[in-house]
Amino acid sequence: MAISMSKIQKQIETNPLTKEAAKEQFLNKTKEFNLQHAFSFDEAWDFVEYKRKQKEFRETVSTFEEALKKHESSLGDSTHKLNPTKHSFSDGQYIREIYNPAGLVLVTKIHSKNHPFFLMKGEMSILTEEGVQRIKAPYQGITKAGTKRIIFTHSECVFITVHRTDKLTIEEVEEEVIAESFDQLILSAPDTKHIKRLIKDLETSVCHS
């Protein structure tokens, strides 16, 4: 009897199993169909739990963002005026520098590509899928593709992000590095063609030496 992914997804959403019951089902089906797995039950469970919590966080932060927009203390159209942004381009890079006043709650866009960030001034708390992190300048880190943050600024902050791009206008860059929704995210595997080419060059040079 085949078990489709749609049936599994429906069960997860409508009648999720406990870890013990899921393990029993996993072992029974493995034996019944004589299956060979490249992963253990615990690895599969941890992955499913991670995806469940990821989905829950993304839905919750999006709901929070909508509630924040409707709140009476929302900045509305004044957000950009109170958080001025400086845009720069240099040799295939787009640098975005933003100033944030103290005591502000912000919800960021969804980042579609990995890129470095730098907190040049101030102190802020950042909530992501990985939890809450309080950082203080000078600080640098990597924003992972798929990240959407809730930020609280404890003091005035200057935050810089750097993006690899061949685009030459702000609108084109934002279309490239920002996703309108999580459904738009296309998270591809790392591109290894350049490493493979280097390996081939090294092997060739060894043969000729």
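Any chance region 94-116 includes a residue that's in a strand (DSSP E or B) and among the acidic types (D, E)? Yes, the conditions are met somewhere in region 94-116. Going by the conditions given, is G103 of a type in the set (G, A, S), more than 22 Å from the chain's Cα centre (by Cα) and at pLDDT below 95? It is true that G103 is of a type in the set (G, A, S), more than 22 Å from the chain's Cα centre (by Cα) and at pLDDT below 95.
Scanning region 124-164 for residues that are among the charged types (D, E, K, R) and over 20 Å from T85 (Cβ atoms) turns up E129, E130, R134, K136, K144. Total residues in region 136-159 satisfying the condition of being surrounded by 17 or more Cβ atoms within 10 Å (Cβ to Cβ) and not in a loop (DSSP other than H, G, I, E, B): the figure is 7.
Pairing residues of region 124-135 that are closer than 17 Å to V158 by Cα with residues that are among the basic types (K, R), at Cβ distances under 8 Å and at least 6 apart in sequence or on separate chains, gives M124/R134; S125/R134; I126/R134; I126/R149. Among the residues of region 106-123, those that are more than 17 Å from E65 (Cα to Cα), more than 15 Å from the chain's Cα centre (by Cα) and touching a residue at least 40 places away in the same chain (Cβ under 8 Å) comprise F118, L119, M120. The one condition from (1) farther than 26 Å from R164 by Cα; (2) assigned to a loop (DSSP other than H, G, I, E, B); (3) not polar (S, T, N, Q) that F57 does not meet is (2). Every residue in region 161-199 that is at pLDDT below 65, of a type in the set (D, E, K, R) and outside any loop (DSSP other than H, G, I, E, B), please. Passing the criteria: K193, K196.
The values are calculated or read from the model by the stated rules, or taken from the named source; none is laboratory data. Please read these numbers as outputs of a predicted model, since none were measured by experiment. With ideal geometry, Cβ positions are generated from the backbone for all residues, glycine too; neighbour counts draw on all protein chains shown.
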